[in-house]
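A short worksheet on the structure shown next.
The values are calculated or read from the model by the stated rules, or taken from the named source; none is laboratory data. Note that the structure is predicted; figures quoted are calculated from it, not measured. Neighbour counts are summed over all protein chains in view; Cβ atoms, including those assigned to glycine, are modelled from backbone coordinates with ideal geometry.
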Amino acid sequence: MARARNLQVMKVPAAMLKRLLLLSAMSLLVPGAAMAQDARFPAISGHGPIVPAPDADNQPDPSIRYRVVFNITKAPTDPAQPNPSIVKVARFLNLLATRGIRPAAGDIVAIVHGPATPLVMNDAAYQAKFKVAKPNLPLIAALKGAGAQVHVCSQALHGQNIAADSTAKDVQVDLAALTTLATLQLQGFALIPD
């Protein structure tokens, strides 16, 4: 019995050694930066980097249908950088992807309002307001490509004097963040606060 137990313990390091050898062999074929990028951005390339931790507790569960609404309210400290709150949506999708989970279209929603509202502006309107190119457009497009939706509160647009027609084409204008948040939670979406 002691010998069988020792053999079992030895299997884990052998498996790890095999993985390391495979990764080493792959590194000869693929530049290291590309390998790191794949691990850090498994769903949304270039946005919301993660560090895979396959042995950590509370991994995403592939048997669960993830339906999540992100409440996006904070403005970035630098308007030339992507809004960290919308980057969090990409990070969530990257974390799910570590377990092979790709949420269905419309199951991940970001509702933007309050000081974060300008992040939904199209490039021309954003440049006019902040004198810099809009950093959020590529991320919004990538989120849409992954099936996530970005919504904005029409009340917040009005409150910040942003015309509805100056929003990015991939953004949906809702009546109010209050009603969107209530409706989605009543439909079973989990809320991720800002």
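At a glance:
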item: Total residues in the stretch 130-141, condition surrounded by fewer than 16 Cβ atoms within 10 Å (Cβ to Cβ) and either of a type in the set (Lys, Arg) or not assigned by TED's automatic domain parsing to the domain that holds Gln160 (or both); result: 1
item: Qualifying positions in the stretch 65-100 - buried (at least 19 other Cβ atoms within 10 Å of the Cβ) and of a type in the set (S, T, N, Q); result: Asn71, Asn83, Ser85, Asn94
item: Selection from the stretch 41-64 of residues that are β-branched (Val, Ile, Thr) and buried (at least 18 other Cβ atoms within 10 Å of the Cβ); result: Ile44, Ile50
item: Selection within the stretch 162-180 - among the polar types (S, T, N, Q) and in contact (Cβ under 8 Å) with a residue 12 or more places away in the chain; result: Ser166, Thr167, Gln172, Thr180
item: Test result for Lys144, more than 29 Å from Asp57 (Cα to Cα), at pLDDT below 95 and crowded, with 16+ Cβ neighbours inside 10 Å; result: no
item: Single residue of Ala148, Ala141, Ala116 found to be touching a residue at least 60 places away in the same chain (Cβ under 8 Å) and either under 20 Å from Pro193 (Cα atoms) or hydrophobic (A, V, I, L, M, F, W, C) (or both); result: Ala116
item: Candidate set: the stretch 62-81, residues that are among the β-branched types (Val, Ile, Thr) and closer than 14 Å to Val120 by Cβ; chosen: the one farthest from the chain's Cα centre (by Cα); result: Thr73
item: Selected residue (only one of Ala75, Ala39, Ala56 is at pLDDT 50 or above, closer than 23 Å to Leu181 by Cα and either part of a loop (DSSP other than H, G, I, E, B) or not β-branched (Val, Ile, Thr) (or both)); result: Ala75
